Amino acid sequence: MIQAYRHGKDLSRVSDNTRMIKPGDILAFVVLRNETIRLPYFLAYYRRLGVKHFLFVDNGSDDGFMDEVGDYADCSVWHTQASYKASKYGVHWLNYLLKKYGRGHWCLTVDPDEFLLFPYDDSRSLIELTAYLDQEQKESFFSITLDMYGAGTVDEAIYQKDQDPLAVCPWFDPTGYYQDKRPNFNEWWIRGGVRRRVFFADQPWHAPALNKTVLVKWRWYYAYFASTHIVWPNRLNRPHFQDTLAPTGCLLHFKYLALFREKVEEEMGRKQHYAGSREYQSYLAGLDSKTVLWNKASVRFQNWRQCVDLGLMNVGRWF
Amino acid sequence: MKLAFIILAHNDPDNVLRLIKRLRTQDDHIVVHWDKNSRLDLQTLAQSALTDEQRANVHFCRRVAVDWGRWSMVEASLSALRHLQYLDQPFDYAVLMSGGDYLLKPVAGLKQFLSRHPGKEFIECVDPDLDPWVVQGLVKERFLHHHWFSWRDQRPLFEWSLATQKKLGLKRTMPRGLKAYFGSQWWALTWPTIAKILPLSQQGSIRRFFQSTWVPDEMFFQTLVAAVTSADSIYGTNLTFYQFDHTGKPLLFYNDHFDFLHQQNFFFARKLSPKAHLLRDKLDKFIAENPAASVSHLAKNMADYQQFIAVQWRGLPNRRVIGRQADPWYGDLEWNKTPYFVIMAYSQTQLQPLINALNALPGIRCFGDLFIGDHIDYGSNDWAHPLYPSDKPALRDMKRPNFLVDLIKAHPGHLVGYVMHLPIGNDMERIALYDPQASIVFILPEGHYLPEDQQSLNWTCAFQNMIMHDHIHAARQANKPFLAINASGHVIAPESVAKIKEKLLALRDSMMTTLS
C-alpha cells in the first residue's frame, strides 16, 4: 500500500471529472497504452452494463488517446511516463486510484480488451448484479478469462474502430481449463484455454492464470496483488459462498487481433512484463510461424448460457 | 366496488409514480406513504410527473421516518389508514402494497375477484405454535421479549438485550388476551375490519406492546384481524405474490421473469428490481391486452423455482463448476456422470485385436494406452482429440482426469474406454479403481485360476502378479463390479473377447437408458 502511494506520485492528472461520481456508482479502472482504437466499443459496452465513470491510467500513449476520451464527462485520465514494470505491471497505480476514488463503490478493473460477461447479462444489468451481491454480503465477483480468436491467423483478424470484437474473433476453446489452488497461497489458480494449447503446449504448467477478480466493492485497505488475478485480502478471491454456489462470470479477452503482433513486438522491446516477458516470448515464437489458433474443437461464442452449459460460468443461487 | 390502495415507499420514485399511474382508476383512491428518511419529496415530484387527472384521488399522508423491523413500519401504514378515514369515503377494501410491487392483473380483475369473495380478509394469519412461518431467525422471541434496539444499527445491543432477558427468564404476555399471529406484511382488508382496528391501535397497552416488538409489521395487523373477525372470514393468503429465499429475503424479479410471474395466480408481485423496466412494460402490455383478466383462486406455481434450486445451487449435472473442486487430483472427473470402462492388463498382453474388435461395435469407442509414453496412443489412427495432438503429451499430463473427461465429452452417446498396461506409474491407475463411473476389465496372466463366481483367487498365481492382485483386491473392497479374464499366451481368446463385448454392450445399453 505504501508502494501504491509512492507510485501514485508518478501519476499526473490530465482530466479530472471525478466530482461527477455519485455514491453507489459503478466505476471502471483501466491502465492502458496505445489502445485508443479499442476504446469506443469498450466505453459503449460498459456504459450499457451500467458503469458510471471510467478512470484511466494512460501509460504514455501516443495514438491520440486524449482526443478520444478528453471530452467525455464520465472519463477521468491520469498520465504517466513511468515504468510499467516498476509499478508492478500497473498494479500500484490502480491501487492508488482505487484507494482514492473506489472506496465504497463497486469497482471494475479491466483492460481495454476485456469484456465482462455475467449470468443473465442479456436481461439484467451490472447494477442489478452488484445489488444482488450486496444483498448476499458478497464483496467480489469471480471470473475466468476466455481467450477469443478468429478463424484465420492472428494477422488476419483486423479490427476496425467501433467494431464489436466478437465480429472478428468469435471463437474460443470450450474445454481444457484446469483448476488448482496456488501452492503457498490458497486462492484458485485456473489455467488453460488457447494460450496453454498453442503457446505453452510443451510446458502447459507455465501457462498464465485465467482467474480474475475484476469486480470488487472496494474498501480503503484492499489491494490488488498480481494484476487482477489476486486481490488482498484473500477472502475476496473466493468464488463462492460458504455453503452454496455464487454467480461467477467470464471475461472475454480479445488479445489475438492483428494489433497483437505489433503489441508483442513493442512489448518485447520494452521488456516490461512479468517473468522476463516469458509470456510474450512464447507469443512471438507462436506468431512467427503464423500459427492458426482456430481448431476443430473451437466453439463459436453465442451467449452467457453457452458458458454456463460448458461449465465455465455459474449462475449460483441468483434466480 | 371502491378500493383504497396504500403504497409504502422509500426510494425509487420513478417506479412508484409508474405504479400509481397503473393503479389509478376513476373511483379508487391511492394513499402514498413516503418515508421521511428520504431526502426527496415524492409529493413535489408527483406535481410535475403526473397530470392533474392522474393526480386526482392520489393522496400523500403524514410521513413517518421508517426504521426497518420496528414500530415505525406499522405507524406508516396506520398513518395512511388514518388519512383514508379522514377522506370519509365508502371504501370496500384497503390494499397495502409496497413501492417495489407491480400489477400482475388489471384492477378490474381484482375487483371482480373481491366481489366473488365478499367480506373475506386477504391476509396471512399463521399461528406460530403450528407453523414458524419465519424462514430464518427469531420467531416467538420477536414478541416474547422486549426489543428496544435496532437490529440493523445496534446489533450488539439488540443481541445483548435479548440474551439478558432470556437469561433472567423475563417474558411478557400479550395485552388484552390477544393471540399472536404472523404473516406477510402485505394485505387487503375490508373497511369495516379496518374501522375496528384503528381504535385498537390507539390503545396504550397494545401500542406499547408492539412498540417493543421485533418486526411488528408482520404481526400487528395479523394479530388484530384475527382478534376482531371470525376465523372463517380470513382467506389466509394475500393478494401479493412473493417468495422468500433461504435467508428470508424476498426474491427480486428481473426482466427475464415475465413468464415466471405470469404463471402466478396473484394480483400483485413483490418485488421488482428497480431496473426491470422491460418486465414492467411486458406486464403493462399483458394488462392492456387482457383488461378483464382475473384469477379464480390465489396460488403460487413454484415448479420453476424449485427446479432452479435443486439444480443451480450445487451445480448443473455433468458440468464442471468453476471455483469449486473437492480434490484437484480428481480434476473434472468429479463432475463426470457418464460411465466409461478401463481394460487393465498385465504388461505383455497383446490388446490391439481386442481394441479393434471393440471399436467395431456400435456405440463403443475404445482407445489405446492413453496415459503412458511420450505419445498419446488413441488406439486407431483415424481420430485424435483436436485439442490434444498425439505428439503433445504435456497437454494430457497436466491433468489426466480432465483429458479423459474431454474424450468422453467428445463422444456423446458412446461408451468410451481405454486400455492400460500395468504398471502405468501415474495416478490414473488408482483413479480407475476408485472412480465410481469406471468399470474395469482385468486381463490376468495365464495360470491365474479364477472360478466362475470370481469370489476367490488362486493365491499361488496371484503372487506372480502382485499389482494385478492388489488392484482386484482394491476393486473388491470398493465394491466395484468388474470382469476378470484370463489371457492365454498373452493373447485373449475369442470366447473371452465375446464375454467382454457382452459386458460392455450391456453397460452401454444401461448408460443409454439412464441418459434418455
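The values are calculated or read from the model by the stated rules, or taken from the named source; none is laboratory data. Since we're looking at a predicted model, the values are computed, not measured. With ideal geometry, Cβ positions are generated from the backbone for all residues, glycine too; neighbour counts draw on all protein chains shown.
Computed quantities for the displayed model
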| quantity | calculated |
| --- | --- |
| One residue from A:Ala258, A:Ala207, A:Ala223 being within 14 Å of chain B (Cβ to nearest Cβ) and in contact with a helix residue (DSSP H, G or I) (Cβ under 6 Å, 6 or more places away or on another chain) | A:Ala207 |
| Some residue of segment B:237-244 being in the same structural domain as B:Asp284 (by TED's automatic domain parsing), touching a residue at least 40 places away in the same chain (Cβ under 8 Å) and touching a Gly at 6+ places or on another chain (Cβ under 7 Å) | no |
| Any hit, segment B:125-134, residues being under 28 Å from the mean Cα position of the chain (by Cα), in the same structural domain as B:His246 (by TED's automatic domain parsing) and not in a loop (DSSP other than H, G, I, E, B) | yes |
| Among the candidates A:Trp78, A:Trp93, residue that is closer than 17 Å to A:Tyr5 by Cβ and under 16 Å from the mean Cα position of the chain (by Cα) | A:Trp93 |
| Filter result for the condition that a residue is away from every other protein chain (no Cβ under 14 Å) and crowded, with 21+ Cβ neighbours inside 10 Å, over A:Gly176, A:Gly150 | A:Gly150 |
| Number of the exception - B:Ala462 against (1) at pLDDT below 85; (2) outside any helix (DSSP H, G or I); (3) among the small types (Gly, Ala, Ser) | (2) |
| Qualifying helices (runs of 4 or more DSSP H) (wholly inside segment B:292-401; at least 3 residues being within 14 Å of chain A (Cβ to nearest Cβ) and out of contact with any Asp or Glu (no Cβ under 6 Å at 6 or more places or on another chain)) | B:303-312, B:393-398 |
| Any hit, segment A:286-297, residues being at pLDDT 90 or above, within 12 Å of chain B (Cβ to nearest Cβ) and in a helix (DSSP H, G or I) | no |
| Test: B:Ala226 is out of contact with any Gly (no Cβ under 6 Å at 6 or more places or on another chain), touching a residue at least 60 places away in the same chain (Cβ under 8 Å) and under 30 Å from B:Lys105 (Cβ atoms) | yes |
| Residue count, segment A:114-125 (criterion: within 8 Å of the chain's Cα centre (by Cα) and either within 14 Å of another protein chain (Cβ to nearest Cβ) or in a loop (DSSP other than H, G, I, E, B) (or both)) | 0 |
| All helices (runs of 4 or more DSSP H) inside segment A:1-71 with 1 or more residues being in contact with a strand residue (DSSP E or B) (Cβ under 8 Å, 6 or more places away or on another chain), free of Cβ contacts under 8 Å to residues at least 40 places away in the same chain and not β-branched (Val, Ile, Thr) | A:39-49, A:65-69 |
| Failed item in (1) assigned to a helix (DSSP H, G or I); (2) more than 9 Å from every other protein chain (Cβ to nearest Cβ); (3) closer than 30 Å to B:Leu415 by Cα, with B:Asp259 passing the rest | (3) |
| Any chance A:Asp111 is of a type outside the set (A, V, I, L, M, F, W, C), touching a His at 6+ places or on another chain (Cβ under 9 Å) and within 14 Å of another protein chain (Cβ to nearest Cβ) | no |
| Neighbours by Cβ (under 6 Å, 6+ apart or cross-chain): first from segment A:168-191, at positive phi; second buried (at least 20 other Cβ atoms within 10 Å of the Cβ) and part of a loop (DSSP other than H, G, I, E, B) | A:Gly176/B:Leu387 |
| In segment B:159-205, the residues that are at pLDDT 90 or above, more than 35 Å from the chain's Cα centre (by Cα) and of a type in the set (Ser, Thr, Tyr) | B:Thr164, B:Thr190, B:Thr193, B:Ser201, B:Ser205 |
| The lone exception for A:Arg197 - which of (1) buried (at least 20 other Cβ atoms within 10 Å of the Cβ); (2) among the charged types (D, E, K, R); (3) free of Cβ contacts under 8 Å to residues at least 40 places away in the same chain it fails | (3) |
| Test: B:Tyr254 is crowded, with 20+ Cβ neighbours inside 10 Å, facing another protein chain (nearest Cβ under 9 Å) and among the aromatic types (Phe, Trp, Tyr) | yes |
| Residue within segment B:465-480 that is farther than 19 Å from B:Leu351 by Cα, polar (S, T, N, Q) and in the same structural domain as B:Cys366 (by TED's automatic domain parsing) present | yes |
| Subset tally (residues that are farther than 30 Å from A:Glu187 by Cα and surrounded by fewer than 18 Cβ atoms within 10 Å (Cβ to Cβ)) for segment B:319-365 | 12 |
| Residue check for B:Lys282: within 14 Å of another protein chain (Cβ to nearest Cβ), of a type in the set (D, E, K, R) and in contact with a helix residue (DSSP H, G or I) (Cβ under 8 Å, 6 or more places away or on another chain) | yes |
| Residues satisfying the stated conditions in segment B:38-74, i.e. under 38 Å from the mean Cα position of the chain (by Cα) and surrounded by 17 or more Cβ atoms within 10 Å (Cβ to Cβ) | B:Leu42, B:Arg63, B:Val64, B:Val66, B:Gly69, B:Arg70, B:Trp71, B:Ser72, B:Met73, B:Val74 |
| Restricting segment B:85-119 to residues that are in contact with a His (Cβ under 8 Å, 6 or more places away or on another chain) and buried (at least 23 other Cβ atoms within 10 Å of the Cβ), the residue that is nearest to B:Leu261 (Cα to Cα) | B:Leu104 |
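Conditions tested, residue by residue: (1) aromatic (Phe, Trp, Tyr); (2) buried (at least 22 other Cβ atoms within 10 Å of the Cβ); (3) assigned by TED's automatic domain parsing to the domain that holds B:His117.
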{"site": "B:Trp187", "(1), (2), (3)": "yes, yes, yes"}
{"site": "B:Gln202", "(1), (2), (3)": "no, no, yes"}
{"site": "B:Ser212", "(1), (2), (3)": "no, no, yes"}
{"site": "B:Asp217", "(1), (2), (3)": "no, yes, yes"}
{"site": "B:Phe220", "(1), (2), (3)": "yes, yes, yes"}
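Condition check ((1) closer than 28 Å to A:His92 by Cα; (2) modelled with pLDDT of 90 or more) across all residues:
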| position | (1), (2) |
| --- | --- |
| A:Phe141 | yes, yes |
| A:Gly150 | no, yes |
| A:Thr153 | no, no |
| A:Phe172 | no, yes |
| A:Trp189 | yes, yes |
| A:Asp202 | no, no |
| A:Val214 | yes, yes |
| A:Pro239 | yes, yes |
